[in-house]
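Asker: Just passing along the structure, written as structure tokens.
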Amino acid sequence: MTTRLLLIRHGQSEWNALGRWQGRADPPLTDFGRAQAAEGARRMDGVEAVFSSPLARANETAHIMAEVLDLDDPVAVVDGLIERDCGEWTGLTVAEIDAQWPGDLAAWRTPPGFEPDKQVVIRVTAALRQIGNAHPGRTVAAVAHGGLMWVMRRALGGRDQPIKNLDARWIEIDGDELVLGEEVVLLPDPATVSVAAEEQV
């Protein structure tokens, strides 16, 4: 039985707001990110369970969504959904990376410790299969990270484009097969999200 999984990027974190590459670093959500999570959850009709990366920004997003959706199942952490390690670029802005490694970012020459795309695909594919095989026929969501989602979308034949906070994409899981589905707009107009929305969680 096919499992439908909505893969979602977490809400805005403190380092997102500063334009810093996060990787395995663990900054929390901003108040705006919490409001984004609550607003996005209201457009997740039919989701029966929510899974999460172990990092705080994804885990908090997932818990906010599960609460808004009033789900019976607790949020389950899946270690394989953790963001890729960015090595020496962790914590830096694009300007700082360009200054220290001129031309490397544009040419995608990554530093030592940066997790290769191939390893990301192997790790995340295993995590998604794990979820799908444990929940056949269900509709679920998994909150993860932009770098991870960018790699997986390309691996599954999707377009190469930036991934914003709360961007989401369906993935159908049938045994070992993963099929990229349609994009989902959880925040039609992010500018209208109010921090006050967090109080409705």
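The values are calculated or read from the model by the stated rules, or taken from the named source; none is laboratory data. As the structure is a computational prediction, the values presented were derived from the model and not from experiment. With ideal geometry, Cβ positions are generated from the backbone for all residues, glycine too; neighbour counts draw on all protein chains shown. Ligands, DNA and RNA are stripped out before the accessible areas are found, and what is left, the full protein with its side chains, is counted by its heavy atoms. Shrake-Rupley method; radii C 1.70, N 1.55, O 1.52, S 1.80 Å.
Asker: Let me spell it out: the conditions are (1) over 26 Å from Glu88 (Cβ atoms); (2) under 12 Å from the mean Cα position of the chain (by Cα); (3) open to solvent by 10 Å² or more (accessible area, probe 1.4 Å); (4) of a type outside the set (Asp, Glu), and Gly11 meets all of them except one. Which number is the exception?
Answerer: (3)
Asker: For the subset of the stretch 155-175 comprising residues that are among the charged types (D, E, K, R) and modelled with pLDDT under 95, which member is most open to solvent (accessible area, probe 1.4 Å)?
Answerer: Arg159
Asker: Let me ask you something else. Does Ile131 satisfy being within 17 Å of the chain's Cα centre (by Cα) and under 24 Å from Arg24 (Cα atoms)?
Answerer: Considered against the rule, which asks whether it is within 17 Å of the chain's Cα centre (by Cα) and under 24 Å from Arg24 (Cα atoms), Ile131 comes out as yes.
Asker: Please tell me if Trp89 is more than 28 Å from Glu182 (Cβ to Cβ), open to solvent by less than 20 Å² (accessible area, probe 1.4 Å) and not small (Gly, Ala, Ser).
Answerer: In short, yes.
Asker: Being surrounded by 11 or more Cβ atoms within 10 Å (Cβ to Cβ) and either touching a strand residue (DSSP E or B) at 6+ places or on another chain (Cβ under 7 Å) or modelled with pLDDT under 95 (or both) is the requirement here; does Glu182 meet it?
Answerer: Working: surrounded by 11 or more Cβ atoms within 10 Å (Cβ to Cβ): no; either touching a strand residue (DSSP E or B) at 6+ places or on another chain (Cβ under 7 Å) or modelled with pLDDT under 95 (or both): yes.
In short, no.
Asker: OK, next. Of everything in the stretch 93-110, what is in a helix (DSSP H, G or I) and either under 29 Å from Asp73 (Cα atoms) or out of contact with any helix residue (DSSP H, G or I) (no Cβ under 9 Å at 6 or more places or on another chain) (or both)? Give them in sequence order.
Answerer: Scanning the stretch 93-110 gives Ala95, Ala99, Ala107.
Asker: Mind checking which residues of the stretch 14-32 are among the small types (Gly, Ala, Ser) and either free of Cβ contacts under 8 Å to residues at least 24 places away in the same chain or open to solvent by less than 20 Å² (accessible area, probe 1.4 Å) (or both)?
Answerer: Within the stretch 14-32, the first condition is being among the small types (Gly, Ala, Ser), and the residues that meet it are 17, 19, 23, 25.
Once the filter is applied, which keeps residues that are among the small types (Gly, Ala, Ser) and either free of Cβ contacts under 8 Å to residues at least 24 places away in the same chain or open to solvent by less than 20 Å² (accessible area, probe 1.4 Å) (or both), the stretch 14-32 yields Ala17, Gly23.
Asker: Oh, and also: What number of residues within the stretch 33-76 satisfy the criterion of being open to solvent by 50 Å² or more (accessible area, probe 1.4 Å), more than 13 Å from the chain's Cα centre (by Cα) and more than 17 Å from Val185 (Cβ to Cβ)?
Answerer: Residues that pass the stated criteria total 7.
Asker: If you scan the stretch 98-127, which residues turn out to be acidic (Asp, Glu) and surrounded by 15 or more Cβ atoms within 10 Å (Cβ to Cβ)? Quick ask: steps written out before the conclusion?
Answerer: Applying the first criterion (acidic (Asp, Glu)) to the stretch 98-127 yields 98, 104, 115, 117.
Glu115, Asp117 - these are the residues of the stretch 98-127 that are acidic (Asp, Glu) and surrounded by 15 or more Cβ atoms within 10 Å (Cβ to Cβ).
Asker: Right, another one. Could you pull out the residue among Ala49, Ala38 that is closer than 25 Å to Gly181 by Cα, out of contact with any strand residue (DSSP E or B) (no Cβ under 9 Å at 6 or more places or on another chain), at pLDDT 95 or above and among the aliphatic types (A, V, I, L, M)?
Answerer: Answer to the check: Ala38.
Asker: Ala95 fails exactly one of the following numbered conditions: (1) farther than 25 Å from Asp174 by Cβ; (2) surrounded by fewer than 18 Cβ atoms within 10 Å (Cβ to Cβ); (3) touching a residue at least 24 places away in the same chain (Cβ under 8 Å). What is the number of that condition?
Answerer: Ala95 satisfies every listed condition except (3).
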